[in-house]
Amino acid sequence: MLDLVILADWYNEPWAILIFIIAIFGILALGVFLLSKFVINKKEKDDKPTEEELAKENLNRYLEEVDNPETQKQFDEFDNKEKENK
């Protein structure tokens, strides 16, 4: 009977309180992890862009649009010549 009285107060011990606090934070962390993995991030996965799309995006970052109509006309003539040569 004396053993039961000693074990009845185990939750008042400092080590038991520390384990209890760690267990609560562990359960909270597990809950947040599971919530973020299965509930919050249920977005459809984006299709990966092709290499051509990536190349166009990279070129568009560096190339500027031509504002001068005369220069644009020269570019168009050059493109037409290139198409004829192929």
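The values are calculated or read from the model by the stated rules, or taken from the named source; none is laboratory data. Predicted model, so just to flag it, every value in this text is computed and none were measured. The protein model used for the area step is the full one, side chains on, heavy atoms only, and it has no ligands, DNA or RNA in it. Shrake-Rupley method; radii C 1.70, N 1.55, O 1.52, S 1.80 Å.
Figures for the structure shown
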{"quantity": "Conditions (1) of a type in the set (Asp, Glu); (2) modelled with pLDDT of 85 or more; (3) open to solvent by 100 Å² or more (accessible area, probe 1.4 Å): number failed by residue 53", "calculated": "(3)"}
{"quantity": "Number of the exception - residue 82 against (1) at pLDDT 80 or above; (2) open to solvent by 100 Å² or more (accessible area, probe 1.4 Å)", "calculated": "(2)"}
